[in-house]
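Bear in mind that the values in this text are calculations on the coordinates, not laboratory data. Since we're looking at a predicted model, the values are computed, not measured. Methodologically, a virtual Cβ is constructed for each residue, glycine included, from the backbone with ideal geometry; neighbour enumeration extends over all protein chains shown.
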Amino acid sequence: MIAFIVFFILFLLYFYISQELFFKFDYIHKNLLFFAEKALIAVQSGFRVENIGFVYPPIAFVPFLIVNDPLLVSPIISALFSTFLITYLIKTYKTDALSILSISIIMLNPLYLFLSSQRFDVLLFYILLSLSVFYTVRHIETKYSLYIFVAGLLLGITFFVDFRSLFVVPVYFISLFLLTSKENFHYRVAIVVVKITPVVFFLFSWLYLNWIFTGNPLNFIQSPYSFFRSEPVIDEFIQASGSFIRSLFLTLKQLFLNSLLILPYFLVIPYIKRFKLLYTTPLFLVYIVPIFVFYFSIYFGMFFPYMYSSVLFLLFSLVFAFYLGIANSKPYLFSIIIAFLSAFFIPDHSKDLNEKEFIGSFKGRIIPERISIKEDRIIAKLLIGYGCKKILSDDAYTFPVIYFAGNSNIFILPHNYIYYTVLSNPTIFADCMLISRNSKDAIKKRFPKSESGFVPSFYLVYDGLKYMLYINTNREVYKW
């Protein structure tokens, strides 16, 4: 009953925020539309799941195959897993008003609200990773093999949410091996295998699926649309990739810059020292998993300084605060309040416009048009108004329009076998062309003068901030 009440309250909160931003500011995070568009294509093409692309972790797409509404999916998934984490901690450890207040403030942190309503995939990764650590800690505490099995399974699932979970496998390997130093060799190997096997199994299964559907087991790494190439490029971090020293320096720099946002995380560290060295070292190694995620993300060129990454540190601090019995302490509560207040101001300097403007909207700022979906919805209506039936487009950049159009079958997209034939001579095959202003758009590359309003045999009917819409001067196109 308590779990249902918590879920209901959280769902209403996240759903209200999503609805308010969408209908008041025409805002929704593009990643949600990306998942929704790919799921829409998969369903409307006869449940051909290969149309999802196999370049992104698949779990984020699954809810959209069932309910293709981003305003609903994100609040449901976020509320569900947040509820599980909260209720499990409360039921497992003694709680009082102060510890419940600590949880509540973390859940109301603006950056947590951003993830809950706009980036449920990131929040899901953070919660699953935190739960994996929680069950690892429970194994350290009780020695029950079930806990290490669940911890391993959760770690494995995180791979299908965020491929960077592979970065923490060596950390778990070392910590568990140290933890079992007084046991015989076979027992130590067994514990490590139980923990690591799921993520290794999921990795090889993903390699196999990529090989079956794309012909290349490394497609999810090598594809130009790969998850590993999805972060915006920042010179400072690109220059540090591949360098142990530079990556370490930038990791420490980011921890310092976000120190107020992750203050509870630092506060917990001294309490870990209360245990014997045998337990302190593996506990400490597990606790600094978020730092390893930071470090290896920089080292492998996958890092972007999102402020919302502080949520992972907050969740780790929460799990350990309950385990160490300090969740109800006044210093811990005070640190959470500081992190909460800081989250209203520090993101004003974020390089990510989404989290910056999301939190700015709490302070009365209007979300700018360049990250709103107002134009996307306008274009979707224009396509219907002009009666476009065969629309050539590169959905790597026009996916929001395709989602709002509601019918992916009227679009000729890169996954279609005729796409490059149509791209070579669109006059014969397409009655409309939707071109993104992104310089990497395949159609824009094919027709570089489209920026100036010129495409042979097409005339420009819409020239906007993000898109250009062209109509074929001869609407009698080829019927394939």
Sorted largest first, the Cα spans of the chain on the principal axes come out in Å as 79, 52, 47
Ranked by how many other beta carbons lie within 10 Å on average, peptides 86-94, 10-18, 254-262 from highest: 10-18, 254-262, 86-94
Selection from Phe362, Ile103, Phe404 lying farthest towards where the dipole of the chain points positive, charges on Cβ: Ile103
Relative contact order of segment 331-452, defined on C-alpha pairs under 8 angstrom at six or more residues apart (%): 19
With a sphere of radius 15 Å drawn around the Cβ of Tyr93, what net charge do the other residues whose Cβ falls strictly inside it have (Lys, Arg +1; Asp, Glu -1)? +1
Ranked by how many other beta carbons lie within 10 Å on average, peptides 402-414, 113-125 from highest: 113-125, 402-414
Would you please classify the overall shape of segment 415-480 from the alpha carbon gyration tensor, given that a ≥ b ≥ c denote the square roots of the eigenvalues, rounded means a/c under 1.5, and beyond that prolate means a/b larger than b/c while oblate covers the rest? oblate
Global geometry of segment 373-472, whether rounded, prolate or oblate, following the gyration tensor of its Cα atoms and the 1.5 cut on a/c: rounded
About the Cα centre of the chain, what is the dipole size in debye to 20, counting +1 per Lys and Arg Cβ and -1 per Asp and Glu Cβ, all else neutral? 620
Could you grab the relative contact order for the chain? Cα pairs under 8 Å, six or more apart, rounded to a whole percent. 16
Scoring only Lys, Arg, Asp and Glu (+1, +1, -1, -1) among other residues with Cβ under 14 Å from the Cβ of Ile291 yields +2
To the nearest 10 degrees, how steep is helix 30-44 against the longest Cα principal axis of the chain, on a 0 to 90 scale? 60
Going by a ≥ b ≥ c, the root eigenvalues of the Cα gyration tensor, does segment 41-162 fall in the rounded group (a/c under 1.5), the prolate group (a/b larger than b/c) or the oblate group? oblate
To the nearest 10 degrees, the tilt of helix 395-405 (Cα long axis) against the first principal axis of the alpha carbons of the chain is 80
Just want to confirm a number: the relative contact order over segment 1-100, from Cα pairs under 8 angstrom separated by 6+ residues, in percent. 37
